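A.B. asks: Right, I'll just put the structure down here and ask away after.
The values are calculated or read from the model by the stated rules, or taken from the named source; none is laboratory data. Note that the structure is predicted; figures quoted are calculated from it, not measured. Neighbour counts run over all protein chains shown; Cβ positions are idealised from the backbone, glycine included. Keep in mind that these areas ignore ligands, DNA and RNA; they rest on the heavy atoms of the full protein, side chains included. Shrake-Rupley method; radii C 1.70, N 1.55, O 1.52, S 1.80 Å.
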Amino acid sequence: MEQEARVLRAAGGFGRARRLLAAASWVPCIVLGLALSSEALLTAQPGHHCRPDPALLPPALRTLRGPALLDAAIPRLGPTPQTAEALGVLSPSSLAPLTPVPRPSSSWAPRSGAWNLVCGDGWKVPLEQVSHLLGWLLGCVVLGAGCDRFGRRTVFVASLMLATGLGASEALAASFPTLLVLRLLHGGTLAGALLALYLARLELCDPPHRLAFSMGAGLFSVAGTLLLPGLAALVQDWRLLQGLGALMSGLLLLFWGFPALFPESPCWLLATAQVAQARKILWHFAEASGVDPEDSSLEESSLVTELAMLSAGSPQPQYQSPLGLLRTQVTWRNGLILGFSSLVGEGIRASFRRSLAPQVPTFYLPYFLEAGLEAAALVFLLLTADRCGRRPILLLGTMATGLASLLLLAGAQYLPGWTMLSLSVLGLLASRAVSALSSLFAAEVFPTVIRGAGLGLVLGAGFLGQAAHPLDALHGRRGFFLQHVVFASLAVLALLCVLLLPESRGRGLPQSLQDADRLRRSPLLRGCPRQDHLPLLSPSNSCWAGHTPEQR
């Protein structure tokens, strides 16, 4: 890790070229934010009611229309005088099944298309949501490992190519099963592009700027979320909206497919001993930053010297299998804790949405409220996570999430409306912060050689948590209370697990599995705890033994 850090410093450090590339990586986040938030809009059910199907009524009632037909089909309302003569006695076996009859929606959501999504066909909505989230989960896991084997740039370009084709095919889907398959594959390719972009940006930044550029990318993603309703109101059809998304993916591929805007990560190239490929990129960084690659100062060697030392012996590229994570002593535990934290942060959000729904009944207001809370959570992390550290802020966010969930669970029938609204907003804000910080934390503690696979598992756990809500909807939401209890209990357990994490603030990114295993748990508070002075033993600073100091 020391040698790779010296090479990056000799190439100009976090100079002008790396800053511009890191800032340019924010623009694709708008399109990815549009794609990530489109699920809430495309599957929004319009206001509707259900009525009896006249074709299934007894022959004597088929000529009835309007209120008379409704009175005949629902015995509790009682038959009207016009239907009494035709009815005689209406037995329960003669009641007509209900069929969906949508009512015009007052929201700006696009039309549902050629398939019924209400009443008897309402199960299609959660099934499509689960399919899409499963695609994101599989994309994070599979393509995350691909980032470690083939590189960040290769996975990003390939994912955008596939996403463009799948997005266009999705807009032309002729049947619901075809749509399910395309949504699954499309979600996987978008996950690969998002993950590769996140890794490349993080590895471009130095420790003091990692948080700022990561949260900036998140704010651009929120901007995409806020733009989506306007695009939906403009096109007024979900197929056109899907086609517009495919067009945007193609434009990203047209510009960010060039190495000038998305070069391969030199950090990954150095960690996998691909020095020849890294030389070209680092040489460009040095020249763009105004540094002479061949000039050596008294403090450190030149870029040429450092690269020559790394390429001594002509090493072959060395790739690390994700299974190597199981042979580590500490890294696997850190990844497990952060994956668990991401699962809770994403999964518990459905409980807060459910509590928020009676207070904010319209569709568009909760949508914009959640987007605003996500932006507020990112700004909160930007202001606090570098000042206080990753672990204390993650601990605070998990504590606020669990507390809000427990209060809603215990006082749902007794708390006034404004209290329910406040707790729901607090829970959504804290859960957003926990999810975003878990991803950044995971990227900082996993080594470069398996960072893609490790971060993919953590993000995949978050999408698994999101899938709990539509899975419950498939069963008619009969298990929602149990789901709320489970996630509230998991939030309390996650609070205890976060204490076992190391602090990654201000540290260089670990390159190998051995470097990552040296990130030991440090004291939560600054300073050394008071110690007893035992007889015949001199006092020592043993409280810091085994802890790696922060590298400012």
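A.B. asks: So which residues in the stretch 170-189 are within 18 Å of VAL31 (Cα to Cα) and more than 20 Å from the chain's Cα centre (by Cα), if there are any at all?
C.D. replies: GLU170, ALA171, listed by residue number.
A.B. asks: Within the stretch 171-186, is there a residue that is among the small types (Gly, Ala, Ser), within 29 Å of GLU128 (Cα to Cα), touching a helix residue (DSSP H, G or I) at 6+ places or on another chain (Cβ under 7 Å) and outside any helix (DSSP H, G or I)? Break it down stepwise before answering.
C.D. replies: Start the filter on the stretch 171-186 by keeping residues that are among the small types (Gly, Ala, Ser), which leaves 171, 173-175.
From what is left, the residues that are within 29 Å of GLU128 (Cα to Cα) are 171, 173-175.
Those still in the list that are touching a helix residue (DSSP H, G or I) at 6+ places or on another chain (Cβ under 7 Å) too: 171, 173.
Then keep just the ones that are outside any helix (DSSP H, G or I); that gives 173.
Checked the stretch 171-186: at least one residue is among the small types (Gly, Ala, Ser), within 29 Å of GLU128 (Cα to Cα), touching a helix residue (DSSP H, G or I) at 6+ places or on another chain (Cβ under 7 Å) and outside any helix (DSSP H, G or I).
A.B. asks: Residue under question is LEU254, and the condition is that it be at pLDDT 85 or above and of a type outside the set (Val, Ile, Thr); does it hold? Talk me through it step by step, then tell me what you get.
C.D. replies: Numbers: at pLDDT 85 or above: yes; of a type outside the set (Val, Ile, Thr): yes.
Yes, satisfied.
A.B. asks: Here is a further query. Report whether or not LEU356 is touching a Pro at 6+ places or on another chain (Cβ under 7 Å) and farther than 24 Å from VAL498 by Cβ. Before the answer, list the steps.
C.D. replies: Details: touching a Pro at 6+ places or on another chain (Cβ under 7 Å): yes; farther than 24 Å from VAL498 by Cβ: yes.
For LEU356, the condition - touching a Pro at 6+ places or on another chain (Cβ under 7 Å) and farther than 24 Å from VAL498 by Cβ - is met.
A.B. asks: I would also like to ask the following. Can you name the number of the only condition in (1) more than 20 Å from the chain's Cα centre (by Cα); (2) open to solvent by 60 Å² or more (accessible area, probe 1.4 Å); (3) under 25 Å from VAL492 (Cβ atoms) that LEU383 fails?
C.D. replies: (3)
A.B. asks: Within the stretch 252-275, how many residues turn out to be within 25 Å of the chain's Cα centre (by Cα), in contact (Cβ under 8 Å) with a residue 12 or more places away in the chain and in a helix (DSSP H, G or I)?
C.D. replies: So the answer is 5.
A.B. asks: So in the stretch 422-481, with the set limited to residues that are β-branched (Val, Ile, Thr) and over 22 Å from LEU323 (Cβ atoms), which one is surrounded by the most Cβ atoms within 10 Å (Cβ to Cβ)?
C.D. replies: Here the residue is VAL434.
A.B. asks: May I pose another question? Filter the stretch 176-216 down to residues that are surrounded by fewer than 24 Cβ atoms within 10 Å (Cβ to Cβ) and among the small types (Gly, Ala, Ser), then give me how many there are.
C.D. replies: Here the count works out to 2.
A.B. asks: Something else: Test PHE368 against the criterion of being open to solvent by 40 Å² or more (accessible area, probe 1.4 Å), assigned to a helix (DSSP H, G or I), touching a residue at least 40 places away in the same chain (Cβ under 8 Å) and in contact with a Leu (Cβ under 9 Å, 6 or more places away or on another chain), and give yes or no.
C.D. replies: Working: open to solvent by 40 Å² or more (accessible area, probe 1.4 Å): yes; assigned to a helix (DSSP H, G or I): yes; touching a residue at least 40 places away in the same chain (Cβ under 8 Å): yes; in contact with a Leu (Cβ under 9 Å, 6 or more places away or on another chain): yes.
In short, yes.
A.B. asks: Further question on the same structure: How many residues are touching a Leu at 6+ places or on another chain (Cβ under 8 Å) and either among the small types (Gly, Ala, Ser) or at pLDDT below 85 (or both) if we restrict to the stretch 458-477? Spell out how you get there, then give the answer.
C.D. replies: Step one: list which residues in the stretch 458-477 are touching a Leu at 6+ places or on another chain (Cβ under 8 Å), which gives 458-467, 470, 474.
Filter once more, keeping what is either among the small types (Gly, Ala, Ser) or at pLDDT below 85 (or both): 460-462, 465, 467, 470, 474.
Adding up the residues that qualify gives 7.
A.B. asks: Could I ask something else about it? I want to confirm something. Restricting to the stretch 491-546 and keeping residues that are at pLDDT 60 or above and of a type in the set (Ser, Thr, Tyr), which single residue is most open to solvent (accessible area, probe 1.4 Å)? Walk me through how you get there before you give the answer.
C.D. replies: Going residue by residue through the stretch 491-546, those that are at pLDDT 60 or above are 491-524.
Imposing the further condition that a residue be of a type in the set (Ser, Thr, Tyr) reduces the set to 504, 512, 522.
Numbers: SER504: 4, SER512: 35, SER522: 19 Å².
The qualifying residue most open to solvent (accessible area, probe 1.4 Å) is SER512.
A.B. asks: Name the one entry in LEU407, LEU394, LEU415 that is assigned to a helix (DSSP H, G or I) and either open to solvent by 10 Å² or more (accessible area, probe 1.4 Å) or free of Cβ contacts under 8 Å to residues at least 60 places away in the same chain (or both).
C.D. replies: Working: LEU394 fails: either open to solvent by 10 Å² or more (accessible area, probe 1.4 Å) or free of Cβ contacts under 8 Å to residues at least 60 places away in the same chain (or both); LEU415 fails: assigned to a helix (DSSP H, G or I).
On inspection, the qualifying residue turns out to be LEU407.
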